[in-house]
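**Q** A single structure is presented below for examination.
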Amino acid sequence: METTRRAGLVAAILLLAVTPSAAPQSWRAPQNPTVPQNPPALRRSTPPGDVYVSLATGPVQWRTSDGALRGELVNLVPGPAEGMRIDPAGNLYVARRCADASCTVGNSVEKFNPMGVSQGAVGGETGYNCNPHSIAFDAAGNTFVGQANCTGHVLKFTSDSTPHEHKVAPDSRGSSWIDLAGDGCTLFYTSRGPNVKRFDVCTESQRPDFNVHQLPGGDTQGLRSLDDGGVLVASGAVVARLDPAGALIQTYAVEPSEPQYWVGLDLDTDGSFWSVNSATSNVYQFDLATGEVRRQFNTGTAPYTAVDVVLRRAKKPSPAPPGGVTLH
């Protein structure tokens, strides 16, 4: 009886996939025998507090907050995995760069449902210019996608069939990493340069760079806006915290003996944040106030393969407003 019930559940979940039944499964069990081997697809959803880590090799690792590997979300959409974000409904979105020189493969955003099953590419076949790199959502359920190359414009997906282009000014690499401030209008972004840049998506206007002085490291990457109006940004050898006026007030790093190149990061609700040191493919949880390292783990992959980290927060998100996220 139990076997029949589970078989029916697995069959129902697989029907959610957008690829043919012959496609590979969207989950790969870890090799460590001490880690539970039950596929995440058999769970109702990902446990709160778990983290995802994107890899330049393509997959996304699914881990507990203590670093134990639950499994690997195997991509059905080709291309290196870059920035990620979780929508109010609990779906994970993963930006994927071009997988070939002509940018005819990959170059999209992949959606995984809360059970870790890939729903395939979203945003339309012609929705992106080249190299989608990061994702953000606004309170109305619209989706913003930053692009690292070609036009480098930020794309806004709404109920319209064609995305709107916010023509942001680059430093070096388009709008590689983006985040939307709480006012719903200020888009913070980085462009692999020394600045945290700003664009007003409500008035369609470029704003002055947010930082008062060039940031240490000169190679800004992942960022998150803070509740106090400041910004947390990965900047080469450190993670930097800016106050609401754009002044540098704190930096975060680990022991100097470890090579450091900070890339993706995400905030927790307990006064901490997570960040990826790509130089070693280590992932750290820092206390936001003190800079103390609370947790750390290694992805078990080569240096410079870990890219971004996103946390499934324990606090239940608010339901999406009417219309919701329109990436299909």
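**Q** Residue separation times 0.36 nm, minus the C-alpha to C-alpha distance between residue 212 and residue 302: what's the value? All intermediate terms of the calculation are to be shown ahead of the outcome.
**A** Details: separation 90, 0.36 × 90 = 32.40 nm, distance 3.57 nm.
That pair, residue 212 and residue 302, stretches by 28.8 nm at full extension.
**Q** Which value does Rg/Rh take for region 114-237 over its C-alpha atoms, Rh per Kirkwood? Provide the component values of the computation, followed by the final result.
**A** Values: Rg = 14.3 Å, Rh = 14.8 Å.
Using Cα coordinates only, the ratio equals 0.97.
**Q** I'd like the carbon and sulfur percentage of the solvent accessible area for region 103-214, probe radius 1.4 Å, heavy atoms only, ligands and nucleic acids excluded.
**A** Values: 1990 of 4290 Å².
C and S atoms contribute 46 percent here.
**Q** Can you check what the net charge comes to around residue 310, using other residues whose Cβ is under 9 Å from the Cβ of residue 310 (Lys, Arg +1; Asp, Glu -1)? It would help to have the intermediate numbers written out before the result.
**A** Details: positive: 85, 312; negative: 266, 308.
Charge balance near residue 310 sits at 0.
**Q** Ok, one more. Rounded, prolate or oblate, given the Cα gyration tensor of region 95-162, with a/c below 1.5 counting as rounded?
**A** oblate
**Q** For region 69-152, what is the accessible area per residue in Å² when the probe is 1.4 Å? Spell out each step's value before the answer.
**A** Numbers: 2470 Å² over 84 residues.
About 29 Å² of surface per residue is accessible.
**Q** Under the 0.36 nm per residue contour assumption, what length would be gained going from the current alpha-carbon distance of residue 279 and residue 202 to full extension?
**A** Details: separation 77, 0.36 × 77 = 27.72 nm, distance 3.72 nm.
Taking 0.36 nm per residue and subtracting the Cα distance, the gain is 24.0 nm.
**Q** With every protein chain left in place, what is the accessible area per residue of region 252-305 in square angstrom, probe 1.4 Å? Write down the numbers at each step before the final one.
**A** Numbers: 2200 Å² over 54 residues.
Per residue, region 252-305 has 41 Å² of solvent-accessible surface.
**Q** Take the Cβ-Cβ distance between residue 91 and residue 68 as r, set R0 to 22 Å, and report the resulting FRET efficiency rounded to the nearest 0.05.
**A** After rounding, the FRET efficiency stands at 0.45.
**Q** Right, another one. Determine ³J(HN,Hα), in whole Hz, for all residues of region 92-109 in sequence, where each value follows from phi through the Karplus function 6.51 cos²θ - 1.76 cosθ + 1.60 and θ = phi - 60°; x replaces Gly and Pro.
**A** 9, 10, 10, 6, 10, 6, 4, 9, 8, 5, 8, 6, 9, 10, x, 6, 7, 10
**Q** Mind checking the per residue accessible area of region 192-231 for me, 1.4 Å probe, whole number of Å²? Intermediate results must be reported in sequence, preceding the final value.
**A** Numbers: 1770 Å² over 40 residues.
For region 192-231, the per-residue accessible area is 44 Å².
**Q** Still on this structure, please answer the following. With no solvent and one point on each alpha carbon, what is the Debye value of log10 I(q)/I(0) for region 195-240 at q = 0.15, 0.25, 0.29 Å⁻¹?
**A** -0.40, -0.96, -1.11
**Q** Can you give me the distance in nm between label points at residue 192 and residue 164, each placed 7 Å from the Cα along the Cα-to-Cβ direction?
**A** 2.8 nm
**Q** HN-Hα J couplings of region 156-164 from phi, Karplus 6.51/-1.76/1.60, θ = phi - 60°, integer Hz, Gly and Pro as x?
**A** 10, 9, 10, 6, 5, 6, 10, x, 8
The values are calculated or read from the model by the stated rules, or taken from the named source; none is laboratory data. Quantities reported herein were computed from a predicted structural model and do not represent experimental measurements. As a convention, Cβ positions derive from the backbone with ideal geometry for all residues, glycine included, and neighbour counts pool all protein chains shown. To get the accessible areas, we keep the full protein, side chains included, count just its heavy atoms, and leave off ligands, DNA and RNA. Shrake-Rupley method; radii C 1.70, N 1.55, O 1.52, S 1.80 Å.
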